[in-house]
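None of the figures in this text is laboratory data; all of them are computed from the coordinates on show. Please read these numbers as outputs of a predicted model, since none were measured by experiment. Heads up, the Cβs are rebuilt from the backbone with ideal geometry, glycines too, and the neighbour counts pull from every protein chain shown.
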2 protein chains.
Amino acid sequence: MKQSVETLAAFILLQLLISNCNICTMFINVPEVKVPRIVIIGCGFGGLELAKQLRKAEVQIVLLDKNNYHTFQPLLYQVSTAGLEADSIAYPIRKIFKGQKNFHFRMGEVQQIVSEENKLITSIGELKYDYLVIATGSTTNYFGIKDFEQNAMPMKSVTEALDLRSLILQNFEKALLTKDLHEQEALMTFVVVGGGPTGVELAGALCELKKHVLPNDYPELDFRKMRVILIENGGELLQAMNETNRKRASTYLEELGCEVWLNTGVVKYDGTIAETKTGKQLRTSGLIWAAGIKAVLIDGLNKDSINARERISIDEYCKVKGHENIFAIGDVACMVQEKYPNGHPQIAPVAIQQAQLVASNLKKTFKQWTLNKFNYFDKGTMATVGRNRAVVEVGNITFGRLFGWLAWMGLHLMLLVGFRNRVVVFINWVWSYINYDRNMRLIIRPFVRKK
Amino acid sequence: MKQSVETLAAFILLQLLISNCNICTMFINVPEVKVPRIVIIGCGFGGLELAKQLRKAEVQIVLLDKNNYHTFQPLLYQVSTAGLEADSIAYPIRKIFKGQKNFHFRMGEVQQIVSEENKLITSIGELKYDYLVIATGSTTNYFGIKDFEQNAMPMKSVTEALDLRSLILQNFEKALLTKDLHEQEALMTFVVVGGGPTGVELAGALCELKKHVLPNDYPELDFRKMRVILIENGGELLQAMNETNRKRASTYLEELGCEVWLNTGVVKYDGTIAETKTGKQLRTSGLIWAAGIKAVLIDGLNKDSINARERISIDEYCKVKGHENIFAIGDVACMVQEKYPNGHPQIAPVAIQQAQLVASNLKKTFKQWTLNKFNYFDKGTMATVGRNRAVVEVGNITFGRLFGWLAWMGLHLMLLVGFRNRVVVFINWVWSYINYDRNMRLIIRPFVRKK
């Protein structure tokens, strides 16, 4: 009898321990409140805007991101090419939302959506939601080619940009040490694959390094040997822009000394030799992959909700197909509209405008008002190609050269989060402009290629 | 007959290949010139100054460093505490020496000195020297205690400072997630071991984070629970300074909310619990070790040349004992003079003045003039303790508070390399001063404790 009482007590104790443990380790510690909880996954342009727009709403916002900062992706290429420090283009999330009472940030990665139970499974525990907004954005797409995944350099995050910066500088340090001309050729040849805005801007910045910066640092090297090659599968650069600007981009790059190879596909790359579709070989120890992006998907959504291009199908209210309380915005999502049969372009303005729509519709939902449909307002596009040269397109108006470049600078400064960042970026730009110089030439964490 | 000719040909070819290979992989690729080659190991304050002073000398300078940048160590603690970006306190070596024709930089680590052959063995090949100057500086000294080596955070390099910054921020992210009060206590308690300038400055900066910055970022945490404890083995802080300033440092720190534990030794630390000599236990997940430094020695010197404190014994000309053409300067070296029976303090001004002496003596050697002995000119010392508070000592004059703090700021700005860095650091300081804020709160590379 006594024994069974003891067993029972032990059993109860164990149950208590387990349930207690459930509380402390299973669910993420977020205050329980009576207003609806909106969980946002990802603090890119979309997630950031959404959380801001909801600041006065009677909701609880929980934002999850694997980093504690928002990255201003359009300027990543300047981090890679030693023009800006990482801290100038990234901004602490907690600081952005300082004082916003309904906002909670948790740093962690979401592993699964359990939509039947309205909860998420994450690296830091589980989390219930009333409404879920997926704003996970996109990552580099190697189209399944292992070669590139292993040997090419991506540039979609701050760490990747810093790795690329280290690689570029390490290559020149190595080029100095070798007497093997083939090795030196590989170390001094940089290939950018992909002729979209990222590829064009990066190739331009590399040419400026060649022209103004590196020859001062490495007087012992012959910089006529340094090559920057931009490779594009299609027949033109910047295919999202109009004809004038597409031509301009090529012209500007060639003026800067960049080789532009159009209609060329790269099919193989082992870390030192790249091979094109036509069998042409090219020695390079620095191949940067800017040829495609893919949505960052999370397991657990309805199968029908993922379209053929591996993006989340959303309706005109940004609602995910087959889910009542799950939304998706920005790069990860794909909304088919008459003018956009393949979805909208995967750029920041779309994400921001979708965030604004979802925020306003959520507020309307609580008041049971009629919801609005998404209507994309195209503000135009721009890309910079080095010093004094940029291509800008607003509606039917296009402009380039110095005027385009000034417009590009002004807009990017305006969009950067935080006054201090704007000031520091501005100083760095003015400094580089006057001195033809870049400052961030430190190999703080050497890049080591994965084997 | 034919066969033996073939064998001979093969043999010659093989020899050629081997000798050729020797050239390309064995010796570091540096131009062969007729003037003496001076090899400097390390680009800290000493190495940097020496190479600068020799810019007009008829010599070939080869500077070796494992990093491609010079670190302004006195401001490392501001990188750790999110006040400055790494790029502001580090400066690319190649840029410093831009245009200096007799200067060659090679990035690599020296593994051994082969003094009989006047050569070095390094991670990037071998290198002959005519004169060698060892300026390798110092690193964290754990006094052989494995516990601290594994679990405590050092702060002697840019990467270590960035790791510390990540750890501090990660601790608060974790503190938010846990409901275990013991764990939270550990995550919010920061212990700085060592009451020298580094410890004092770091503890002060941590207190400022507690007071002005973190509560805004983590409104859900109760910051009365955050503790900053400075532990010093001796009876006073800043033992190199005079009595007034030693007292001041304690007062200032306590005003900022720091607990100062004097006459306390830490003997154990497993990553969450630290134990003092007297058996007192303390929960902390952030123990920073600033309790000692040791010289960075390289194998291959005469055994007599290393003194009991593991520093290189040098004579009054900075020449290493028992070597004719090897010098050592700065933290790594120890010169016994009447006023300094245990050697000079291991601080930047000593390294810089020794570099100036060696440079001028080398130039005199070539002209066979009489050499000068080292005569240390003590310019005074200073340490800052947070906002508006610093202790400064110049000869017999001491001052503190705002005036000391302004002097500290002015001097450090002046000493930073590069105009851009000065401007950016100045803006960051003014910004933080007005806004009571720090900007660099990014966990760019999460810190992962070694197991």
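Summary table below
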quantity	calculated
Vicinal HN-Hα couplings computed from phi for region B:289-297 (Karplus, 6.51 cos²θ - 1.76 cosθ + 1.60; Hz; Gly/Pro x)	9, 10, 9, x, 10, 9, 5, 8, 9
Charge context of B:N428, other residues only, Cβ under 15 angstrom, K/R +1, D/E -1	+3
Karplus 3J(HN,Hα) series, Hz, for region B:361-373 with 6.51 cos²θ - 1.76 cosθ + 1.60 (x for Gly, Pro)	5, 4, 4, 5, 4, 4, 9, 6, 8, 6, 8, 9, 8
Label point distance in nm, B:E310-B:L297, each placed 7 Å from Cα along Cα→Cβ	0.8 nm
Stretchable slack from B:K339 to B:T365, in nm (0.36 nm times residue separation minus alpha-carbon distance)	6.6 nm
Counted charge near B:G195, where neighbours are those whose Cβ lies closer than 14 Å (Asp, Glu -1; Lys, Arg +1)	-2
C-alpha long axis of helix A:419-435 to longest principal axis of chain A, angle in °	10 degrees
Charge context of A:E109, other residues only, Cβ under 9 angstrom, K/R +1, D/E -1	0
Exceeding the 19 Å Cα-Cα cut-off - candidates B:K34/B:K101; A:K119/A:K319; A:K211/A:K277; B:K98/B:K367	A:K211/A:K277; B:K98/B:K367
Estimated [θ] at 222 nm from DSSP helical runs (n ≥ 4, -39500 (n - 2.57)) normalised by residues in chain A, nearest 500	-10500 deg cm²/dmol
Dipole moment magnitude, nearest 20 debye, region A:156-300 about Cα centre, only Lys, Arg, Asp, Glu C-beta charged	220 debye
Distance between region A:192-250 and region A:260-315 - C-alpha centres, whole angstrom	19 Å
In order through region A:79-90: 3J(HN,Hα) via Karplus (6.51 cos²θ - 1.76 cosθ + 1.60), integer Hz, x for Gly, Pro	5, 4, 9, 6, x, 9, 7, 4, 5, 7, 10, 10
The protein assembly as shown - share of DSSP beta bridges that are antiparallel (%, nearest 5)	45 percent
Shape call, region A:119-208: gyration tensor on alpha carbons, a/c limit 1.5	prolate
Whole-number percent relative contact order across region A:129-236, with pairs defined as alpha carbons under 8 Å at least 6 apart	24 percent
B:K321 versus B:M26: modelled label distance in nm, points set 7 Å from Cα along the beta carbon direction	3.5 nm
The protein assembly as shown shape via C-alpha gyration tensor axes, a/c threshold 1.5	oblate
Three-way shape label, region A:67-158, alpha-carbon gyration tensor, a/c 1.5	oblate
Loop-located GluC sites (Glu not before Pro) in region B:150-226 whose Cβ has at most 16 other Cβ within 10 Å (DSSP)	B:E220
Label-point gap, in nm, between B:I427 and A:K34 - each point 7 angstrom along Cα→Cβ	4.8 nm
DSSP beta bridge pairing in region B:146-291, given as percent antiparallel to the nearest 5	30 percent
